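For reference, the structure discussed in these notes is given below.
The values are calculated or read from the model by the stated rules, or taken from the named source; none is laboratory data. Values in this document were obtained by computation on a predicted structure and should not be read as measured data. All Cβ positions, glycine included, derive from the backbone under ideal geometry; neighbour counts span all protein chains shown. When the accessible area is computed, the model is the full protein with side chains, heavy atoms only, and any ligands, DNA or RNA have been set aside. Shrake-Rupley method; radii C 1.70, N 1.55, O 1.52, S 1.80 Å.
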Amino acid sequence: MPYPTQPTASHFINGAYVEDTAGVEIPVIYPATGAQIAVVHEATPAIIEHAITSAKAAQKAWAAMSGTERGRILRRAADMIRERNYDLSVLETYDTGKPMSETLYVDATSGADALEYFGGLAGSLTGEHIQLGEDWVYTRREALGLCVGIGAWNYPTQIACWKGAPALACGNAMIFKPSETTPLCALKVAEILHEAGLPAGLYNVIQGTGAVGAPLVTDPRVDKVSLTGSVPTGRKVYAAAAEGIKHVTMELGGKSPLIIFDDANLEDAVGGAILANFYSSGQVCSNGTRVFVQKGIKDAFLKRLQDRLNEAKIGNPMDEATNFGPMVSERQLSIVQSYIVKGEAEGARLVCGGKRIERDGYFLEPTVFADVTDDMTIAREEIFGPVMAVLDFDTEEEAITRANETEFGLSAGVFTSDLTRGHRVIAQMEAGSCFINSYNDAPVEAPFGGSKNSGVGRENSKAAIEHYSQMKSVYVRMGAVDAPF
């Protein structure tokens, strides 16, 4: 590899890289070639214990610092990430296979945005004074203690920061377990935070599969769990955390609707659908993969969509001209291919794509199905790959009803030139993160999260503070106590 992808060690604990080769080897595969580029070892019980004890030892002193002091460190880390954006983007591309044309502008930069935002917010995390005649109450916003973050493989740098930034701003310690598929980037986040002045032990990264996640989630010393992942994994983690009555944030999957009315700007609607289905090779939880197109615009939409997909530059992710990369793994590619087979078998019309690209790595053509009906598997289950399902509709009421007939509720979008209708439709969508004449924007200033089976709690914005802190109220009596006896 022209870029050093093998980390110094598998884990980052108590301010230093740590190795324990007794842990099971986890190969790191570059999705664009299928070649192994690194190896890390799964955390052993000794590594897990080291991460927990060092985090617990460091947390109280961190919480005792002023929010302004904590924020200063987070903002310094944000600056360092921006200064090293190119190298971090290269590592993210090797880790995930996503093209540099994406990672340079979305991944580490989004992580830096989170550290900067919550670093700026940290000094403002104060309580309030409530006057009650002569008596009064004051509130204190306090840290939860030790938080565990469990990451997904599609945005490893971003997720490491989206969870770490609010946790640290509120005075917590965090142990972050990245996906075993993409273990490299979070280590760099931990290294940079420590270099920026974060005291040792407050942001530990340990590697592993669910076998490592489970003891973290169930450990009585852990106070909060934040997961980004699939619904089946979410159910298991939620149940395990509930046993210990832990605070929980779940950002899970989706099968989100994107409704395109026939008065929409065609070019913008096609662009929105591309962002909602093919960015990051379709591996985005909030993707609008059920594209409801009003019949009057359907033919024009499909034609323009095909034209623009033909312009996709598929190839070496390290080439900044490339804008469509491989799937993250052979396994994920196989899952998506099985859905394409089901789509054809159940009678959907394959408009374009559908085939694995003949080259090294895990490349799959951008795929579009038309004439999809609500009962088809590709319209009901999350595929997590570059497969768009286009469904027809006649009326606004019909589109709203059908869009909401899903167990998921992460995102929803609408394209229309009638802004009154846009607001009216979005207000009726059963989803947490919604868009009008746009799709998949995720600024750190806006809350992000889902409803129904797509999750609980919110990441980013001021809303995240509620999920990484707790409120203490103190009643102060200024006069004599009036007891009944």
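Might you report the magnitude of the Cβ-based charge dipole of the chain about its Cα centre, with Lys and Arg at +1 and Asp and Glu at -1, to the nearest 20 debye?
That gives a dipole near 900 debye.
Restricting to DSSP H runs of at least four residues, report the calculated mean residue ellipticity at 222 nm for the chain, -39500 (n - 2.57) per run over all residues, nearest 500 deg cm²/dmol.
-11500 deg cm²/dmol
Dipole of segment 38-160 (Lys/Arg Cβ +1, Asp/Glu Cβ -1, origin at the Cα centre): which of HIS129, TYR94, VAL40 lies farthest to the positive side?
Of the listed residues, the answer is HIS129.
What does a probe at GLN306 reach in segment 341-379, counting residues whose amide N is under 15 Å from the point 7 Å along Cα→Cβ?
349-354, 366-371
Along the charge dipole of segment 178-282, pointing to its positive end and built from +1/-1 on Cβ of Lys, Arg, Asp and Glu, which listed residue (GLY234, PRO257, ILE274) has its Cα farthest out?
The Cα lying farthest towards the positive end belongs to GLY234.
Going highest first, how would you order 412-418, 162-168 by mean Cβ packing within 10 Å?
162-168, 412-418
Once the piece of chain linking SER334 and THR218 is laid out straight, how much longer is it, given 0.36 nm per residue of separation minus the C-alpha distance between them?
38.5 nm
If we count every other residue with Cβ under 14 angstrom of GLY271's Cβ, Lys/Arg +1 and Asp/Glu -1, where does the sum land?
So the surrounding residues net to -3.
First select every other residue whose beta carbon is under 9 angstrom from the beta carbon of LYS298; then total the charges, Lys and Arg +1, Asp and Glu -1.
-2
Name the residue farthest towards the positive end of the dipole of the chain from the options CYS161, ALA55, ILE357, assuming +1 on Cβ of Lys and Arg, -1 on Cβ of Asp and Glu, about the Cα centre.
Result: ALA55.
What's the carbon and sulfur percent of the chain's accessible surface, probe 1.4 angstrom, rounded to a whole number?
After summing per-atom areas, the C and S share lands at 52 percent.
Just order 475-484, 268-277, 136-145, 215-224 by mean Cβ neighbour count inside 10 Å, highest at the front, would you?
Most protected by this proxy first, the peptides run 268-277, 215-224, 136-145, 475-484.
Would you please classify the overall shape of the chain from the alpha carbon gyration tensor, given that a ≥ b ≥ c denote the square roots of the eigenvalues, rounded means a/c under 1.5, and beyond that prolate means a/b larger than b/c while oblate covers the rest?
oblate
Report ³J(HN,Hα) in whole Hz for each residue of segment 287-303, in order, from the Karplus equation J = 6.51 cos²θ - 1.76 cosθ + 1.60 where θ = phi - 60°; Gly and Pro get x.
Each residue of segment 287-303 in turn: 3, x, 8, 9, 9, 8, 10, 4, 4, x, 10, 4, 4, 5, 5, 5, 5 Hz.
Non-local amide H neighbours of GLY127 (under 5 Å, H modeled in plane, Pro and chain starts lacking H): which ones?
ARG141
First select every other residue whose beta carbon is under 9 angstrom from the beta carbon of GLY34; then total the charges, Lys and Arg +1, Asp and Glu -1.
Local charge sum for GLY34: -2.
Calculate the length of the line joining the C-alpha centroid of segment 361-387 to that of segment 79-144, in whole Å.
The distance from the Cα centre of segment 361-387 to that of segment 79-144 comes to 34 Å.
Antiparallel as a % of all DSSP beta bridges within segment 361-485, to the nearest 5?
Here the antiparallel bridges make up roughly 10 percent for segment 361-485.
Whole number in Å², please: accessible area per residue of the chain, 1.4 Å probe, ligands, DNA and RNA not counted.
39 Å²
Give the calculated FRET efficiency between ALA46 and ASP374 to the nearest 0.05, with a Förster radius of 51 Å applied to their Cβ-Cβ distance.
Working from the Cβ atoms, E equals 0.50.
Just order 4-11, 403-410 by mean Cβ neighbour count inside 10 Å, highest at the front, would you?
Packing order, densest peptide first, comes out as 403-410, 4-11.
How far is it, in nm, from the label point at THR139 to the one at GLN36 when both lie 7 Å from their Cα along the line to the Cβ?
Placing both labels 7 Å beyond Cα along the Cβ direction yields 5.4 nm.
Measuring from label point to label point, each 7 Å out along Cα→Cβ, what is the THR420 to ASN404 span in nm?
The modelled label-to-label distance comes out at 2.1 nm.
Ordered by residue, what ³J(HN,Hα) values in Hz, to whole numbers, does segment 425-431 give under the Karplus form 6.51 cos²θ - 1.76 cosθ + 1.60, where θ = phi - 60° and Gly and Pro are x?
Residue by residue, segment 425-431 yields 5, 4, 4, 9, 6, 8, 8 Hz.
From largest accessible area down, sort LYS355, LYS472; use a 1.4 Å probe on the protein chains.
Ranking LYS355, LYS472 by accessible area, largest first, yields LYS355, LYS472.
Using +1 on the beta carbon of Lys and Arg, -1 on that of Asp and Glu, and nothing else charged, what's the dipole of segment 17-89 about the Cα centre, debye to 20?
580 debye
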